[in-house]
Structures are given as C-alpha cells and as structure tokens.
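The structure appears below as structure tokens.
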Amino acid sequence: MDSPCSKTRNPFTGAEANAVGVKVDAVCKSYAGVEVLKDITFEVQPSEIFVLMGPSGSGKSVLLRHIAGLELPTSGTIAVDGLDPSLEATRDRVRLALVFQDGALFNSLSVYDNLALYPREHRSGDEKAIRERVMHSLRILSVEDSVNKFPSELSGGMKKRVSIARALVTEPQLLLYDEPTSELDPVMSATISEIIATLKNEYSVTSLVVTHDRALALTISNRVGILMDGELVTLGTPDDLNKSKDPRIVDFLNPKIDIKHPRFKELETQAPA
Ligand SMILES: Nc1ncnc2c1ncn2[C@@H]1O[C@H](COP(=O)(O)OP(=O)(O)OP(=O)(O)O)[C@@H](O)[C@H]1O
Ligand SMILES: [Mg+2]
C-alpha cells in the first residue's frame, strides 16, 4: 500500500498535494428510528482504490453521502485527511468530489456550464483556462462532442461520463463514485475502470467506489468492503473475497439464476394466456 506521505498530482497543473485518507469510526445512522448504518468502521488509505459493494438498499449511498459531508451520522465520526467532511473549512482544505448515482447534473445548464460552474465559483483562472480544463476533462471521458448539449439531450451513459468529467474538473484529491459504471456498456465500463486506476497510479487520487460491477471491484481495487443490511460484513483484498467461504459472500458474488425457483412458477401462472 502507498505511504501516507504520497502526493497527489493535479491532472491539469501537475501541482502536488498530500494524498488524503478517510477514517470511518463506529458510524451509525438512523432515519425516523430505522437504523440503516450499523457501527461501521474502516479506513481508506491515501491513494487507495477502495470498493464498497452490497445488495440494493444495504446503505452504500447513505454511507457515501456521509463521507462527502452531506449528512451527519447519528453517532460515530468520519474524518477526511483528519478533518470533519461536513465542515465548510474542510472543503477549503481538501478537494473532494462525489459522482452521484443519478449524475445530478443541472438540467438548465449546458454540459460546458455544468463543468465550468466549480472553477468559475472558485475563480480558478480566466475563461480561457477554464475552457481548456473543461475540454480536457470531457476528452478524458470521450464526451467532448457533447459540450454544447443539455443533460436532457444525453443518454444515461453519456450523463454518467459527463458527471465524472465534472468531478475531474474540481481536481479532486478524494473521489467518491456512486455506481460509476451503471448504465454503461461493457467497453465503456472498462474505460471507466481504467480512468479510476490511472487517477490513482499517475495522480495518487484516493477513490472510494460504490459499485455492483464485479469486474471493476475485483480488478482495480486494493480492497473491497461488503455492506449487508447496514453492516460491514467483510473487508479484504479481491483475492481474499474470491477465496471467502462465507456463504453470504459466495452467494452475493456468484448469484445463480434458477428458473426452477418458485418465483418463476409464480410468474408463469400470472402470465396472460
Ligand atoms: N433520506 C433518507 N430518509 C430515510 N431513509 C433513507 C434515506 N436515504 C436512504 N434511506 C434508506 O436507507 C437504506 C439504504 O439506502 P441506500 O440508498 O444507501 O441503499 P444502496 O445500498 O445505495 O442501494 P442501491 O444499490 O439500490 O443504490 C434504504 O432502506 C433507504 O430507503
Ligand atoms: Mg445507492
């Protein structure tokens, strides 16, 4: 694993900054008395690719929103580079970007303006420099032809790539991805995996990736955690997971389609004659 002293290199300027780590300590979260995160503890090392998997509804997106500082835990603590991510002052110190599950692009803005929003707000150079940065990010994701389109004119997969490009424009030290390859074809999914790996290898960006994409999880990650019903049930290298004998992990990673299962019989009987 990389040393905590490794540096991130800005993909645009080459400037160096410390690679950042994440510490999640005994985090619990309840909504209206229903516990959706149960005593979660783990660390993401600086410039690590950490993948979080788990069944739908197990709490992955909720956990990611907490690490991004958008929500506060009911109990427990979260630190990004030693700082509370929910504080404004932390966001001035650590560049953190979240790629939302649904893209979360502003529908009233063109792709260009969606990407230019952050550098304009932070007065990162003149418009010419901003345009170069925006186009560079779009080119990395092969969506530069969509620069003048509006989100409603993009396919699901294009929106996904534009939202990753928008995260890159912020020159992140920590990138949080919520299902970066859902809605993408297998070739584009592989490209996204390569981009995440390149950001780590060349720029030491720390990545926390929530995904159902087994190929991504088992090829580019340093470690994988699996959440089930709000609990972190396992944490290990891809190799550890492949060798796991825990039936929950084996069944989750190798789902079987059983057309003799009673639920298929139910469908048959409900089908119109
Ligand atoms: N703001 C909220 N208020 C109340 N309950 C919530 C809220 N956000 C999430 N939940 C609940 O928390 C649980 C975990 O939701 P979450 O979105 O984290 O699932 P997930 O693991 O990301 O699932 P998926 O793979 O389908 O995206 C669900 O039962 C969901 O209904
Ligand atoms: Mg989710």
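The values are calculated or read from the model by the stated rules, or taken from the named source; none is laboratory data. Given the structure is predicted, the values throughout are model-derived calculations rather than measurements. Backbone-built Cβ (ideal geometry, glycine too); neighbour counts: all protein chains shown.
Could you list, in sequence order, the residues of the range 133-159 that are in contact (Cβ under 8 Å) with a residue 60 or more places away in the chain and either of a type in the set (Lys, Arg) or more than 17 Å from Leu199 (Cα to Cα) (or both)?
Arg133 - this is the single residue of the range 133-159 that is in contact (Cβ under 8 Å) with a residue 60 or more places away in the chain and either of a type in the set (Lys, Arg) or more than 17 Å from Leu199 (Cα to Cα) (or both).
Across the range 196-218, what is the total count of residues that are part of a helix (DSSP H, G or I) and within 26 Å of Lys23 (Cβ to Cβ)?
Of the residues in that region, 11 qualify.
Report whether or not Asp258 is farther than 17 Å from Val51 by Cβ, part of a helix (DSSP H, G or I) and not β-branched (Val, Ile, Thr).
On the way: farther than 17 Å from Val51 by Cβ: yes; part of a helix (DSSP H, G or I): no; not β-branched (Val, Ile, Thr): yes.
The answer is no for Asp258.
Just checking, does the range 10-22 include any residue being of a type outside the set (Ser, Thr, Tyr), under 14 Å from the mean Cα position of the chain (by Cα) and either within 16 Å of ligand 1 (Cβ to nearest atom) or surrounded by 19 or more Cβ atoms within 10 Å (Cβ to Cβ) (or both)?
Looking through the range 10-22, at least one residue is of a type outside the set (Ser, Thr, Tyr), under 14 Å from the mean Cα position of the chain (by Cα) and either within 16 Å of ligand 1 (Cβ to nearest atom) or surrounded by 19 or more Cβ atoms within 10 Å (Cβ to Cβ) (or both).
May I ask you to list the residues in the range 31-53 that are in a strand (DSSP E or B) and either under 13 Å from Thr206 (Cβ atoms) or not assigned by TED's automatic domain parsing to the domain that holds Ile195 (or both)?
Residues satisfying the conditions are Glu43, Val44, Ile49, Phe50, Val51.
How many residues are in contact with a strand residue (DSSP E or B) (Cβ under 9 Å, 6 or more places away or on another chain), within 11 Å of ligand 1 (Cβ to nearest atom) and farther than 19 Å from Thr77 by Cβ if we restrict to the range 30-61?
Final tally of qualifying residues: 7.
Give the number of residues within the range 42-85 that are touching a helix residue (DSSP H, G or I) at 6+ places or on another chain (Cβ under 8 Å) and touching a residue at least 12 places away in the same chain (Cβ under 8 Å).
Here is the first cut: in the range 42-85, the residues touching a helix residue (DSSP H, G or I) at 6+ places or on another chain (Cβ under 8 Å) are 47-49, 51-55, 69, 71-73, 78, 80-81, 83-85.
Pick out the ones that are also touching a residue at least 12 places away in the same chain (Cβ under 8 Å) and you get 47-49, 51-55, 69, 71-73, 78, 80-81, 84-85.
Adding up the residues that qualify gives 17.
Got a number for residues in the range 71-81 being assigned to a loop (DSSP other than H, G, I, E, B) and modelled with pLDDT of 95 or more? Walk me through it before giving the result.
Step one: of the range 71-81, the residues assigned to a loop (DSSP other than H, G, I, E, B) are 71-74, 81.
Subset that is modelled with pLDDT of 95 or more: 71-74.
Residues meeting the conditions: 4.
Which numbered condition trips up Ser56, out of (1) over 16 Å from the mean Cα position of the chain (by Cα); (2) modelled with pLDDT under 95; (3) more than 24 Å from Asn18 (Cβ to Cβ); (4) polar (S, T, N, Q)?
Against the list (1) over 16 Å from the mean Cα position of the chain (by Cα); (2) modelled with pLDDT under 95; (3) more than 24 Å from Asn18 (Cβ to Cβ); (4) polar (S, T, N, Q), Ser56 comes up short only on (1).
I'd like to check something: does the range 239-254 contain any residue that is in contact with a Pro (Cβ under 8 Å, 6 or more places away or on another chain) and part of a helix (DSSP H, G or I)?
Checking the range 239-254: at least one residue is in contact with a Pro (Cβ under 8 Å, 6 or more places away or on another chain) and part of a helix (DSSP H, G or I).
Conditions (1) within 16 Å of ligand 2 (Cβ to nearest atom); (2) touching a Gly at 6+ places or on another chain (Cβ under 9 Å), marked per residue:
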{"position": "Gly69", "(1), (2)": "no, no"}
{"position": "Gly76", "(1), (2)": "no, no"}
{"position": "Val80", "(1), (2)": "no, yes"}
{"position": "Arg91", "(1), (2)": "no, yes"}
{"position": "Leu96", "(1), (2)": "no, yes"}
{"position": "Val99", "(1), (2)": "yes, no"}
{"position": "Asn114", "(1), (2)": "no, no"}
